[in-house]
Amino acid sequence: MEASIMDGPKRRCGAVSGLTTVKNPVSLARLVMEKSPHSYLAFSGAEEFARQQGVELMQNDYFITEDNVGMLKLAKEANSILFDYRIPLETCSAGAAAAMDNPLQMNGLPISVYAPETVGCVAVDSEGRCAAATSTGGLMNKMTGRIGDSPLIGAGTYACDLCGISCTGEGEAIIRGTLARDVAAVMEYKGLGLQQAVDFVINERLDEGKAGLIAVSRNGDVACRYNTNGMFRGCATEDGFMQVGIWN
Ligand code: ASP
């Protein structure tokens, strides 16, 4: 598991990778930000820091669910690491596409709409201070040692005095596009509003069918865009407005 967090106004950040026992990786990322002299801890050093900080640890088997074991088996059989609801069927390998014809269900959903485990959150307070955080188990069937975009400040997570952004999707594409930082950069350098900046980055920096993001600005604007089949998302405001969505 891996995660990161960023506090916009002071550009403080913390990140962790390579965790196997920490129940809430994003809380450990916050402790890296607040209680360590560093920005990013990984693997055994991150686990050691977790023990020192006394965060909640779980036996490794807590994280291994029957559903995910089934998913991993299918992904291995299909020799695919991109095996979830976000990937258009036609871009899956032949093996994965064949496996999708198999009516296997996960949590009552056909496997092709199974949600990956990444959770991102962006928030803005009444004084326009933005923050962002992202936490993930990464991609199904990833190589040992692979680090995705989620713990990388500027790729999967970014916040500054203008906005906060969290991304989800194929980490390699998000890293190549420095998606989260680019939203802030075009707001800053091109003077774009939040939605325009998000549209620009999705259109100009992201390969088709790969990812999506959620964003807030210091004005309280909310934006989300993805170029995948869908993206699980929700929004809540202080006056009680709430919305959730999966597809367009
Ligand atoms: N972006 C994550 C990664 O590549 C996966 C995800 O968003 O589901 O590790």
key: Lone unmet requirement of (1) of a type outside the set (Gly, Ala, Ser); (2) within 27 Å of residue 158 (Cα to Cα); (3) touching a strand residue (DSSP E or B) at 6+ places or on another chain (Cβ under 6 Å); (4) open to solvent by less than 60 Å² (accessible area, probe 1.4 Å) for residue 47   = (3)
message = So, residue 155, is that one within 13 Å of the ligand (Cβ to nearest atom) and modelled with pLDDT of 95 or more or not?
response = yes
message = Filter the range 201-223 down to the residues that are open to solvent by 50 Å² or more (accessible area, probe 1.4 Å) and not charged (D, E, K, R) and list them by number.
response = 203, 219, 222
key: Odd one out for residue 166 among (1) in contact with a strand residue (DSSP E or B) (Cβ under 8 Å, 6 or more places away or on another chain); (2) within 12 Å of the ligand (Cβ to nearest atom); (3) more than 18 Å from residue 223 (Cβ to Cβ); (4) touching a residue at least 40 places away in the same chain (Cβ under 8 Å)   = (3)
request  = Please determine, by comparing only the residues of the range 19-37 that are within 16 Å of the ligand (Cβ to nearest atom) and crowded, with 19+ Cβ neighbours inside 10 Å, which one is farthest from residue 47 (Cα to Cα).
outcome  = 26
query = Within the range 213-232, can you find the residues that are out of contact with any Leu (no Cβ under 9 Å at 6 or more places or on another chain) and at pLDDT 95 or above?
reply = 214, 220
query = Would the range 237-248 turn up any residue that is open to solvent by less than 30 Å² (accessible area, probe 1.4 Å), within 22 Å of residue 124 (Cβ to Cβ) and away from the ligand (no atom under 14 Å from the Cβ)?
reply = yes
request  = Kindly list the number of the only condition in (1) of a type outside the set (Ser, Thr, Tyr); (2) modelled with pLDDT of 80 or more; (3) under 20 Å from residue 228 (Cβ atoms) that fails for residue 58.
outcome  = (3)
query = Hey, does the range 174-190 have a residue that's more than 16 Å from the ligand (Cβ to nearest atom), part of a loop (DSSP other than H, G, I, E, B) and out of contact with any strand residue (DSSP E or B) (no Cβ under 6 Å at 6 or more places or on another chain)?
reply = no
ask   = residue 178 versus (1) surrounded by fewer than 22 Cβ atoms within 10 Å (Cβ to Cβ); (2) within 19 Å of residue 5 (Cα to Cα); (3) at pLDDT below 95: which is the lone unmet condition?
value = (3)
task = May I ask you to list pairs of residues, at least six apart or on different chains, whose Cβ atoms are under 7 Å apart, with the first in the range 185-210 being touching a residue at least 60 places away in the same chain (Cβ under 8 Å) and the second being open to solvent by 30 Å² or more (accessible area, probe 1.4 Å)?
result = 209/91
inquiry  = Of everything in the range 157-179, what is within 16 Å of residue 207 (Cβ to Cβ) and small (Gly, Ala, Ser)? Give them in sequence order.
reply    = 169, 171, 173, 177
ask   = For residue 122, all conditions in the list (1) within 14 Å of the ligand (Cβ to nearest atom); (2) within 12 Å of the chain's Cα centre (by Cα) hold save one; what is the number of the exception?
value = (1)
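The values are calculated or read from the model by the stated rules, or taken from the named source; none is laboratory data. Since this is a predicted model, take the numbers as computed values, not measurements. All Cβ positions, even for glycine, are placed from backbone atoms using ideal geometry, and neighbour counts span all protein chains on display. Side chains included, ligands, DNA and RNA excluded: accessible areas come from the protein's heavy atoms. Shrake-Rupley method; radii C 1.70, N 1.55, O 1.52, S 1.80 Å.
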